[in-house]
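Working notes, beginning with the structure itself.
The values are calculated or read from the model by the stated rules, or taken from the named source; none is laboratory data. Everything numeric here is computed off the predicted structure, so don't read it as measured data. Please note: Cβ atoms are built from the backbone with ideal geometry, for glycine as well, and neighbour counts cover all protein chains shown. For accessibility, only protein heavy atoms count, side chains too; no ligands or nucleic acids. Shrake-Rupley method; radii C 1.70, N 1.55, O 1.52, S 1.80 Å.
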Amino acid sequence: MTLERDKGLQDINVYIDSQTDTSQYDPHQNEEERRDIRNKYRVLSEKTQEARKELIAQDDGVKLYNTIAKTNVLFESVKNPNEAVLDSRFVRTIADIHKDKAKNINFGAENEVNLDEVVSKVVSFAKRGREDERYLDWKHVGQTACTFGKRARTMDFMLGALGVQRKQIKRTQNARVVKNKEDLVTPATLQSEDIEKQENETAKCVNNIFNVLKEKGPMNYFKFVTNPTSFSQTVENIFYVSFLARKGIAGIDVSSGQPIISVQRAVNVESLEDVVAKKQIIMGITIQEFEAIISTYNITSPTIPTREQQVTVASGSGWY
């Protein structure tokens, strides 16, 4: 089976070789010949790069023409892709040299292209032998010029393609927000008398709690400050009691294993108004600890009477 398949491949290769133009492509070209062609291309390319400046500056271009002629002779022996790649690279090098040479053309200079002469010959060609100076057959000039170029002609104008549509730019303006002056609220201004009022309220609450402590006598600290119906007032009670401890007129004894708060010494209640301006230590408490204290000590009613809630309203005229 393998022999039959190999024989079939051989028959196909023989048929392909018989149909191949070996003058253009020869996969069986001698390896020594191919190596010699590649070496000649590399040598020619190196010499051309070394003489690049001279080839660009030369006026008549004879040396560049001779180099291209050598390449054409060498290309006749090229019959495989590897050598064809070297040829294409060399052609690109020649094209770059021609481009640089064209850039260096100085129109109007001596021994170079004369612009007036070119214009005169184009006008003479466009008249087509007519005496009328106003007659110029530009169509005839264009048709003749097209024969010297292989680029496909396109259907467009000199200023752009036929179907150009100008892109419309949409500009959007954000609506300006207009504020209603009637809805604007002037920020409340806190005056010095408002601060004094707050300090007086704090001193009043501290005095009231001190009177309750004197009346109730020594008792458990948590039972004294905890208000089972209000967590916020419990926090306020702890805050106010801290003033009493800071002043030294109330103390907490933990020798029994429980915090017992009691009055330390009798003082004039009116002298407590200056306590607000001094430092004090405040004990923190969370809502979970608050609920645990109520459950542990079975607190059903507050020892310190519940204070009325004051509603604070800010207005433009003051703080209330």
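Odds and ends about this structure:
- Peptides 245-254, 220-229 ranked from most to least packed by the mean count of surrounding Cβ atoms within 10 Å: 220-229, 245-254.
- Ranking of 148, 75, 243 by solvent-accessible surface, largest first: 148, 75, 243 (1.4 Å probe, protein heavy atoms only, all chains present).
- Total formal charge among the other residues, if their Cβ is under 15 angstrom from that of residue 305, Lys/Arg +1 and Asp/Glu -1: +2
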